[in-house]
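S.K.: One structure is given below, represented as structure tokens, and several questions about it will come after.
Read-outs: derived from the displayed coordinates by stated rules, not from any lab. On a predicted model such as this, the values are computed, not experimentally measured, just so you know. Neighbour counts are summed over all protein chains in view; Cβ atoms, including those assigned to glycine, are modelled from backbone coordinates with ideal geometry.
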Amino acid sequence: MADALTSVLAIVALVCGKYWGWVWLDPAMGLVGAVVISRWSYGLLGDTSAILLDSVVDPAIDAAIRSAIEADADNRIADLHIWSVGPEHYSVMVSVVTHEPQAPEYYKRLLHNIPHLAHVLIEVNQCHD
């Protein structure tokens, strides 16, 4: 929308300059276009910075993952990373420590009721203490 608006402003300035001699209108519309693009850019940064910095994960999803894994046996999550890979789609990496390790598919099944998990990577470590 901002790109279309700046194009229209440029055309209006060129037409006014040609037919009425308002040559000053071209640089003035350039400045207006710069303000329009700057406002659009600032809004875009606000909308996307949280995604780019991996800070958009809903705390409820984090809590649900921890609860599902740690409620089973003596499992403890040593490391958990959640990334947004699309609108309402998350990639998850979980490092589990337990006395009785299971296959990664076992822990993935524990998470199957949590919506929006598009890619799940499980690392299982045996606790020797």
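S.K.: For the stretch 115-129, take each phi angle, set θ = phi - 60°, evaluate the Karplus expression 6.51 cos²θ - 1.76 cosθ + 1.60, and give the result in whole Hz per residue in order, putting x for glycine and proline.
M.R.: x, 6, 8, 8, 9, 10, 10, 10, 10, 10, 10, 7, 8, 9, 8
S.K.: Oh, and also: Mind checking the stretch 1-83 for chymotrypsin sites (Phe, Trp or Tyr not before Pro) that DSSP puts in a loop (not H, G, I, E or B) and that have at most 11 other Cβ atoms within 10 Å?
M.R.: Details: sites: Y19, W20, W22, W24, W40, Y42, W83; in loops: W22, W24.
Sites meeting the loop and neighbour criteria: W24.
S.K.: How big is the convex hull of the Cα atoms of the chain, per residue, in Å³?
M.R.: In the chain, the Cα hull volume divided by residue count equals 110 Å³.
S.K.: Calculate, for D58 and S91, the FRET efficiency according to 1/(1 + (r/R0)^6) with r their C-beta to C-beta distance and R0 22 Å; round to the nearest 0.05.
M.R.: Here the calculated transfer efficiency is 0.95.
S.K.: Quickly estimate the mean residue ellipticity at 222 nm for the chain, helices only: each DSSP H run with n ≥ 4 gives -39500 (n - 2.57), and the total goes over all residues, rounded to 500.
M.R.: Result for the chain, helices only: -17000 deg cm²/dmol.
S.K.: To continue, here is another question. Under 5 Å between amide H atoms, partner at least 5 residues away or on a different chain: which partners does A78 have, H built in plane at 1.01 Å?
M.R.: S95, V96, V97
S.K.: Span-like helices, the chain: DSSP H, alpha-carbon axial extent 24 Å or more, mean Kyte-Doolittle -0.5 or greater, which ones?
M.R.: Helices meeting the criterion: 2-20, 25-52.
S.K.: Calculate one ³J(HN,Hα) per residue across the stretch 88-96 by plugging θ = phi - 60° into the Karplus curve 6.51 cos²θ - 1.76 cosθ + 1.60, and present them in order as whole Hz with x for glycine and proline.
M.R.: Here the 3J(HN,Hα) series is 6, 10, 10, 9, 10, 10, 10, 10, 9 Hz.
S.K.: If you don't mind, there's one more thing I want to ask. Which of the GluC sites (Glu not before Pro) across the stretch 86-129 are loop residues per DSSP, with 16 or fewer other Cβ within 10 Å?
M.R.: Values: sites: E88, E105, E123; in loops: E88.
Hits after loop and neighbour filter: E88.
S.K.: In the stretch 40-88, with Lys and Arg counted as +1 and Asp and Glu as -1 at Cβ, which of these residues, G46, A63, I82, has the Cα nearest the positive end of the dipole, that is, farthest along it?
M.R.: G46
S.K.: How far is it, in nm, from the label point at H99 to the one at A2 when both lie 7 Å from their Cα along the line to the Cβ?
M.R.: In this crude spin-label approximation the distance works out to 5.8 nm.
S.K.: While we're here: In debye, nearest 20: dipole of the chain around its Cα centre with unit charges on the Cβ of K, R (+) and D, E (-)?
M.R.: The calculation lands at about 760 debye.
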